[in-house]
1. How many residues are outside any loop (DSSP other than H, G, I, E, B) and touching a residue at least 60 places away in the same chain (Cβ under 8 Å) if we restrict to segment 88-127?
2. Inside segment 10-21, can you point out the residues that are among the aliphatic types (A, V, I, L, M) and buried (at least 22 other Cβ atoms within 10 Å of the Cβ)?
3. Among the numbered criteria (1) free of Cβ contacts under 8 Å to residues at least 12 places away in the same chain; (2) open to solvent by less than 10 Å² (accessible area, probe 1.4 Å), which one does Asn7 miss?
4. Of (1) crowded, with 23+ Cβ neighbours inside 10 Å; (2) in contact with a Pro (Cβ under 6 Å, 6 or more places away or on another chain), Ile77 satisfies all except one. Which?
5. Hey, any hits in segment 52-59 for a residue that's in contact with an Asp or Glu (Cβ under 6 Å, 6 or more places away or on another chain), outside any strand (DSSP E or B) and open to solvent by 20 Å² or more (accessible area, probe 1.4 Å)?
6. Going through segment 22-33 one residue at a time, which ones are assigned to a loop (DSSP other than H, G, I, E, B) and either open to solvent by 10 Å² or more (accessible area, probe 1.4 Å) or among the aliphatic types (A, V, I, L, M) (or both)?
7. Just checking, does segment 40-48 include any residue being more than 14 Å from the chain's Cα centre (by Cα), open to solvent by less than 60 Å² (accessible area, probe 1.4 Å) and touching a residue at least 40 places away in the same chain (Cβ under 8 Å)?
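The values are calculated or read from the model by the stated rules, or taken from the named source; none is laboratory data. As the structure is a computational prediction, the values presented were derived from the model and not from experiment. Using ideal geometry, Cβ is built from the backbone for each residue, glycine included, and neighbour counts are taken over all protein chains shown. Note: areas computed on protein heavy atoms with side chains; ligands, DNA, RNA excluded. Shrake-Rupley method; radii C 1.70, N 1.55, O 1.52, S 1.80 Å.
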Amino acid sequence: MIVIDNNNSFTVAETLFVFALESEAGTVFEGVNKVITGIGKVNAAIALSKAVALHKPKLIVNLGSAGSNYFNKGEVISCRKFIQRDMDVRGLGFLRYETPLSGIPVVLEQGLIMQGLKEGICGTGDSFEMNHLEDIYNVVDMEAYSLALIAQQENIPFLCLKYISDDAGDNAADDWTVQVHLVSHAFKNILFSQE
C-alpha cells in the first residue's frame, strides 16, 4: 500500500510509476506497473498517454532526479505545482511561462503532497539547467509538467517526488551522474516503508 497522507492511499497494483530513465527506477521497481518515458516533455507526454490507456491507473507517481539550488542534494521533495520553464511567448504579449490560448495558469497546480516531505515548485523544460537563477520555481526537471497536465486532463490523482541530484549550477552534470544511481533506493524507503 502506498500511503500518501491520512486521506489517500493506493495499492501498488493500481499505481503507475513513471520514470524518465531506467537508471532512476533501478531494480527496486521491477514487477510493478511502470513506464520509462525517455528524457523531455514530448517523450514524457507520449509515453504516459500510451501507458494510461493500457494500464488505466488509479494513481500516477512520477519519480525522478531533479536539480535545485534551494533544497539539498539527497533530499526527496514532493511537488504539486508545476511551471513550463521554457515557455516564453512574451513577444506576443503573453506572460513568461504562459502557454498561449490554453486556459492553463502559469503555475499548474495538480497533485498530492506526500506526508512528511518538503514541498517544492517544479520548473520543467527541455534543457539541463546549470545556471538556475529563478525564484518562481525551486526544483528543476525535464518531464513533470507534461505528466501533471496529462494526469489533470485524465482526472487521475498524481504524486510527483523528486530526488535532488544536483544544485542546478556549474557542477550539475557531474553531480547528477553520481547521484542518479541513488534515486530508486531513496524512493523505496519513502514509498514502501509502510509495508
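1. Pass one, segment 88-127, residues outside any loop (DSSP other than H, G, I, E, B): 88, 90-92, 96, 108-109, 112, 118-124.
From what's left, touching a residue at least 60 places away in the same chain (Cβ under 8 Å): 112, 124.
Qualifying residue count, segment 88-127: 2.
2. To start, the set of residues in segment 10-21 that are among the aliphatic types (A, V, I, L, M) comprises 12-13, 16, 18, 20-21.
Within segment 10-21, Leu16, Val18, Ala20 meet the criteria.
3. It is condition (2) that Asn7 fails.
4. Condition not satisfied by Ile77: (2).
5. Yes, some residue in segment 52-59 is in contact with an Asp or Glu (Cβ under 6 Å, 6 or more places away or on another chain), outside any strand (DSSP E or B) and open to solvent by 20 Å² or more (accessible area, probe 1.4 Å).
6. Of segment 22-33, the ones assigned to a loop (DSSP other than H, G, I, E, B) are 26-33.
The answer is Gly26, Thr27, Val28, Glu30, Gly31, Val32, Asn33.
7. No, segment 40-48 contains no residue that is more than 14 Å from the chain's Cα centre (by Cα), open to solvent by less than 60 Å² (accessible area, probe 1.4 Å) and touching a residue at least 40 places away in the same chain (Cβ under 8 Å).
Condition check ((1) under 26 Å from Thr11 (Cβ atoms); (2) under 15 Å from the mean Cα position of the chain (by Cα); (3) among the aliphatic types (A, V, I, L, M)) across all residues:
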site: Lys50; (1), (2), (3): yes, no, no
site: Asn62; (1), (2), (3): yes, yes, no
site: Ala66; (1), (2), (3): no, yes, yes
site: Ser78; (1), (2), (3): yes, yes, no
site: Met87; (1), (2), (3): no, no, yes
